[in-house]
2 protein chains.
Amino acid sequence: MPSNGAKQPLLPVDDALERILKGLAPSQVDESPLAAAVGRTLSRDIQSDLSLPPAPVSSMDGYAVRAEDCTGEKPQLTRVGESAAGHPWQGRLGAGEAVRIFTGAFIPANSDAVVLQEDVDASSESEGARITIHEPPHSGQFIRPAGLDVSAGDTILRKNSLLSARAISLAASAGLATLPVWRQPHIGILSTGDELVLPGETPAPGQIVSSNAIYLAAFVQASGGIPIDLGIARDRAGAMLDHVRKAPVPLDMIVTSGGASVGTHDHIVSDLQEAGSALNFWKIAMRPGKPLIHGMIDGVPLLGLPGNPVSTAVCATVFLGPAIARLSGHDYVPHQISAEITCELQPNDRRQDYLRAVLEYDVDGLPLVTPARKQDSSMVSIFANANALIIRPPFDPSIAAGDRVTVMPLAPLL
Amino acid sequence: MPSNGAKQPLLPVDDALERILKGLAPSQVDESPLAAAVGRTLSRDIQSDLSLPPAPVSSMDGYAVRAEDCTGEKPQLTRVGESAAGHPWQGRLGAGEAVRIFTGAFIPANSDAVVLQEDVDASSESEGARITIHEPPHSGQFIRPAGLDVSAGDTILRKNSLLSARAISLAASAGLATLPVWRQPHIGILSTGDELVLPGETPAPGQIVSSNAIYLAAFVQASGGIPIDLGIARDRAGAMLDHVRKAPVPLDMIVTSGGASVGTHDHIVSDLQEAGSALNFWKIAMRPGKPLIHGMIDGVPLLGLPGNPVSTAVCATVFLGPAIARLSGHDYVPHQISAEITCELQPNDRRQDYLRAVLEYDVDGLPLVTPARKQDSSMVSIFANANALIIRPPFDPSIAAGDRVTVMPLAPLL
């Protein structure tokens, strides 16, 4: 936004984030088949339909017995049946009787203990076999009581939690076939600028490839949103509104990138004003990625990122990722860790700095972080090879090698 | 596998993993559009088609000048044009001339420095304006040379690297429209056992819901593979082969779960022998998840996981995840960190233990890990709510609160 020479105070990153996130929430619910629900967010608490286990089961391979029958010198029992997972023994255990049993199988009625197969001598593996007990059991031994894991009606998964494969395993075990999840947000992605050509086209002198739209589509997808391509708006009044209003589906958010070229800034201003938007041009106290546009088009929130690819990516990480999380129904919690830095850093100025860095773990598993030697925000290759950002607050004093710094690991796909 | 009572030595986890991974590799290549390539793995090194920047560009908003013209007392220049991103100035700078320039714009021919707009007085924003220089520049000032980021022909992305959104941004900037990626592996998922019913069906007494197939489908998908549902093979000879041979696409690996019920074990043995397989029944020195089957069916590697859902999930994390990574083309590097434990642990026995745990970060960002109070391998709810596994080697001595332990964080979607 070169034409804006006016001085204005810099907005702290956290204030900008709070304003962007304000009011963002999902509204619509899908009922998803279990296997397709991985990565989605629950729209309500989930209760179990079943108890797990539904009845007492054996935790070992051995023999189900009555503990009271196993006292005295070398007690002997008679094998009267077999209970296996999927094939329970239907009878009721009588005095002096034992049932061969396997891990996970139902405990027969009137049995109260399992003896390990290693702790008996069995005359055969057939019914009628004589079972000699060497280690008398106590009542309840190697029995998992009904509901040990979950009781029917228990809340097993919480509203607004992200569904992992293991959460889905629990839902399946609990008798559910589908889960209610928040609908994935549709994020419109619009590039702006006369200088842009599509990937694969050869740029003429002065032109550059529109890499930001591709990056943002991949970022939105890997963040759980659905990217909607709104194309490239050229530098003329109304172009942006035209592209946004031709979106094939209702949008939950619009993200623009670009506006580095002269004139774009003014067109965005006039377009947003025409759409009746309360718009804000923020200069954020951060590096890279100072200018940011925030507003609404036809009631849909708009986030305007800088044109520089590295600034776009850092702003997407800091602002867009949390916004997609909110629109997807789960709370944004920044994943930041503390790591030892391997080199010194000069004092920081008034901007919060996001240094592209490589995070590694030493032989003891402790995190070590090394900032890239060049932090030029035009260098896409350095950002592509980073796996973390070192976050330095405004006016951070100088840092020595071995000091601890705050690090935001970059998700492997972001 | 209850019928196998024979004692055999326990196989160390690392040995089992090495044998499972041996020979696994991708073979086929897809040419993927950029935005769809996120999460895929490159099948070869990638070179840049372009230099970035393609020509010297300005790193600031200001005026492009010849440094030699800016000496003496308050040098004055004449504005002769404007260079913006996408709209380069086509001329050649003469003596005493300046060109208005913006960040990212091409430096005019014969210009060798940029003066910040803050460091001049301009009589107007029009051509012919008088530009008074307050801070004489040095040659090269605020100019990014051609190829600063990348030179045409440079290797920008490495074979077998996982493609992040930022790697795709780099590829787009470098002029590429598609990327060669390894084909995603097709992983056949087969449940075995008479006791299983499909999710959503009400289990009869003795039956349980087949949660493992759902879990494995979600796990495979979140790991970058394509799950292929092979159904439930009942406990009869030939059932397993029938299901595998009806797979709708060629498979890269088969994963089975179950076999806890009596008879399944024998049927798997006879089926694998009929398919001419060299099969192995391993007892692994790990907890949970001791029994594991490894073999081939019709030339396709088979991994047979235990039937217990928690054992299945831990074995999937330890063995299947790395196998999918190998089949997808990227090397498996276990992500393990060191964390402070918040409670004491008793000495470990001869099995490598994988304790379900919650990993948190304290106010300084340092990792703290707390094992679940109950480690019963039948408890799916505990695994679903864990976000990490504490790995204890065989014969690990007792541990005190505050000691450091090795932790494998669970990926958010796994």
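Taken together, the values in this text are just the output of simple stated rules run on the coordinates, not laboratory data. In this text the structure is predicted, and so the values were computed from the model without any measurement. Backbone-built Cβ (ideal geometry, glycine too); neighbour counts: all protein chains shown.
Of all DSSP bridge pairs formed entirely within region A:80-234, close to 25 percent run antiparallel. Diagonalising the gyration tensor over the Cα atoms of region B:4-94 and scaling each eigenvalue by 5 before taking the square root yields semi-axes of 65, 18, 11 Å, largest first. In the protein assembly as shown, the C-alpha radius of gyration followed by the widest Cα-Cα span (Dmax) gives 32.0, 115 angstrom. Model label points for residue A:125 and residue B:398, set 7 angstrom from Cα along the Cα-to-Cβ axis, are 4.1 nm apart. Straight-line reach from residue B:246: taking Cα to Cα under 14 Å and skipping same-chain neighbours fewer than 8 places apart, the aspartates and glutamates in range are B:229, B:298. Taking the C-alpha atoms only, the angle from helix B:264-274 to the longest principal axis of chain B is near 70 degrees. Just to confirm my numbers, what's the Cα centroid distance between region B:351-414 and region A:297-366 in Å? Taking the Cα centre of region A:297-366 as reference, the centre of region B:351-414 is 27 Å away.
Taking Cα pairs under 8 Å and at least six residues apart, what relative contact order does chain B come out at, in percent?
Numbers: 960 pairs, mean separation 67.5, N = 414.
Across chain B, relative contact order equals 16 percent.
Placing a label point 7 Å from Cα along the Cα-to-Cβ direction at residue B:397 gives distances to the equivalent points in the other copies of 4.0 nm, listed shortest first. In summary, the aspartates and glutamates within cross-link reach of residue B:22, defined as a Cα separation below 13 angstrom excluding same-chain residues under 8 places away, comprise B:14, B:331.
Under a Cβ-Cβ cut-off of 13 Å, what is the net charge of the residues other than residue A:61 that fall near it, where Lys and Arg count +1 and Asp and Glu count -1? Please report the intermediate quantities before stating the final value.
Values: positive: A:100, B:290; negative: A:82, A:118, A:119, A:125.
Around residue A:61, the surrounding residues sum to -2.
For chain B, the longest principal axis of the Cα atoms and the long axis of helix B:211-222 meet at an angle of about 20 degrees.
Cα convex hull, region A:105-234: 233 Å³ per residue, rounded to a whole number.
Å³ per residue of the Cα convex hull, for region B:297-414? So the per-residue hull volume is 130 Å³.
Starting from region A:286-354, pick out the trypsin sites (Lys or Arg not before Pro) whose DSSP state is loop and whose Cβ has at most 13 other Cβ atoms within 10 Å.
On the way: sites: A:326, A:350, A:351; in loops: A:350, A:351.
Sites meeting the loop and neighbour criteria: A:350.
All Cα-Cα distances of chain B, cut into 20 Å bins from zero to the largest, leave 22, 36, 21, 16, 4 percent in each bin in turn. Each copy carries a label point for residue A:273 at 7 Å from Cα toward Cβ; from one copy, the others' points are 8.6 nm away, ordered from shortest.
A simple spin-label model places pseudo-atoms 7 Å from Cα toward Cβ; at residue B:342 and residue A:159 they are separated by 2.5 nm.
Can you give the Rg to Rh ratio of region A:233-361, both from alpha-carbon atoms, with Rh computed by the Kirkwood formula?
Values: Rg = 17.1 Å, Rh = 16.6 Å.
Checking Rg against Rh, the ratio lands at 1.03.
Annotation for residue A:412, label-to-label distances across the other copies: 1.4 nm (shortest first, one decimal, point 7 Å from Cα along Cα→Cβ).
I want the antiparallel fraction of DSSP beta bridges within the protein assembly as shown, as a percent rounded to 5. Display every interim value, and only then the final one.
Values: 110 of 168 bridges.
So the antiparallel bridges in the protein assembly as shown amount to around 65 percent.
Each label was represented as a point 7 Å from its Cα along the Cα-to-Cβ direction; for residue A:29 and residue A:73 these points are 6.9 nm apart.
Taking N as the residue count of region B:57-144, its C-alpha radius of gyration divided by 2.2 N^0.38 Å amounts to 0.92. The Rg/Rh ratio for region B:265-326 is 0.98, where Rg is the radius of gyration of the alpha carbons and Rh is the Kirkwood radius.
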